Amino acid sequence: MRSRLVGFAGLVGVGLRRLAGRLRSGNRRRVLLSVTGVALAVALLVVVSGISLGLASSNTVYGSGVDYWIVPESASASTMAIDVGSAQLGAAHPTSERIAGIDGVDAVTPVRTSLVRLQAGSASEYVVLLGVLPQSGVSVAGLSTAHLTPGDPYYANGSYDGEWTGEIVLSEGAAGLLNATNGSAVGVAGEANASFTVADVQRASTASGAGQLPVAVVHLAESQALTGGTASDTADQFVVATDTPAVKDDLAAVYPQSRVVASGGGGLSAIGTSKLALAIAVTAFVVAVVVGTLFVATALGLEVAADRATYATLLAIGLRTRSLAVVVATQAVAVTLLGGVLGLVLGGGGVVAANALARRYLTESAIAAYPPAIVPYGLGTAVAVGLLATPYLVWLVTRTDVLDHLATE
């Protein structure tokens, strides 16, 4: 057993020395091509996986300072951001007061999400309308409610006949579609008596691949009046700001069929709760493996073909095909590991660039993550590429005609 291990280690050493010799000599172009191919594949994997992680961990409507969300039990992580037509939570106004009375809760607001068609001048576009109770220290979808009148005047203790503020905060995306600015008059299609005045235009943190989603924020009661939520005083979720983790149990008891989602609960574990993020991650893995394997098999295949005389000599002196397979596999895995390390560096730069571009053109928050677990994931993928390419390379070695090559020499 010991002799076999020594022999195996010796073959691995031969493979590494041959690879090092290639890198030091002038005939390293094909090896470097393989390293580059794997690096690009792993970099693509890192960037796309990072975006999928960011997508999985930012699915709830939130802003800075938010620590918990109360959502219906049937809500999924992939539907919270634009929660139109999902299960609802009733008695939103009195429940908000009840939550605000819990020790440790700094601020709370229910959020009602609906899709409405807004009109401003000759422009008419669908936007995501968020109804909230303005609270200092809490923003929704990245939009501050500081420019809305505190409280909810139109609610009037459930009579819905109080003062109609007509205040609306637009995201830059919505304002651009409607050609609206501060002070612009905005109406709702089909609601002749519902009119709003733009109180502020802000950059939202909710975005799609095409840019910022058009989002508008109004008072909760006014949103309910427009979308039929006055009968049961409904909302889709509650946004809670707190510095006390112990309040989570109290929040879970507010509604019998609800769940409490913690801020920052995304990352690697969030992939399992978002089908879209999982699909993106799986696609990135498959593409990286296929592209990397093709690069390595092609480039190192040419390397093996050009070096058949050496393999013929090794076979002639008694080295078995199985031993040559170990040498070839060592070279393939070593090449892919080098590519994997380079790919992790390039991928890290890609994540930084993606976040920088997103902050400039889409949102104020990062869209891609680079968790520590991405390092073994990337290196493991690189090793898998090397192992998948090995059978083809070994097959090329077995096709070596010893007598023909020795006669040629």
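The values are calculated or read from the model by the stated rules, or taken from the named source; none is laboratory data. The shown structure was predicted, so the numbers you read here are calculated from the model rather than taken from an experiment. No Cβ is skipped: glycine too gets one built from the backbone with ideal geometry, and neighbour counts run over all protein chains shown.
Per-structure values
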| read-out | value |
| --- | --- |
| Any hit, the stretch 330-337, residues being modelled with pLDDT under 85 and in a loop (DSSP other than H, G, I, E, B) | no |
| Sole exception among (1) at pLDDT below 85; (2) outside any helix (DSSP H, G or I) for Ile51, by number | (2) |
| Members of the stretch 203-224 that are touching a helix residue (DSSP H, G or I) at 6+ places or on another chain (Cβ under 7 Å) and modelled with pLDDT of 90 or more | Val215, Ala216, His219, Leu220, Ala221, Glu222 |
| Single residue of the stretch 219-259 satisfying the filter (of a type in the set (S, T, N, Q) and part of a helix (DSSP H, G or I)) that is surrounded by the fewest Cβ atoms within 10 Å (Cβ to Cβ) | Thr227 |
| Number of positions in the stretch 121-175 that are small (Gly, Ala, Ser), at pLDDT below 90 and either surrounded by 14 or more Cβ atoms within 10 Å (Cβ to Cβ) or not in a loop (DSSP other than H, G, I, E, B) (or both) | 7 |
| Matching entry among Leu388, Leu396 (being at pLDDT 90 or above and in a helix (DSSP H, G or I)) | Leu388 |
| Ala373, sole failed condition from (1) under 18 Å from Val35 (Cα atoms); (2) at pLDDT below 90 | (1) |
| Any chance Thr113 is in a loop (DSSP other than H, G, I, E, B), assigned by TED's automatic domain parsing to the domain that holds Ala199 and within 19 Å of Thr227 (Cβ to Cβ) | no |
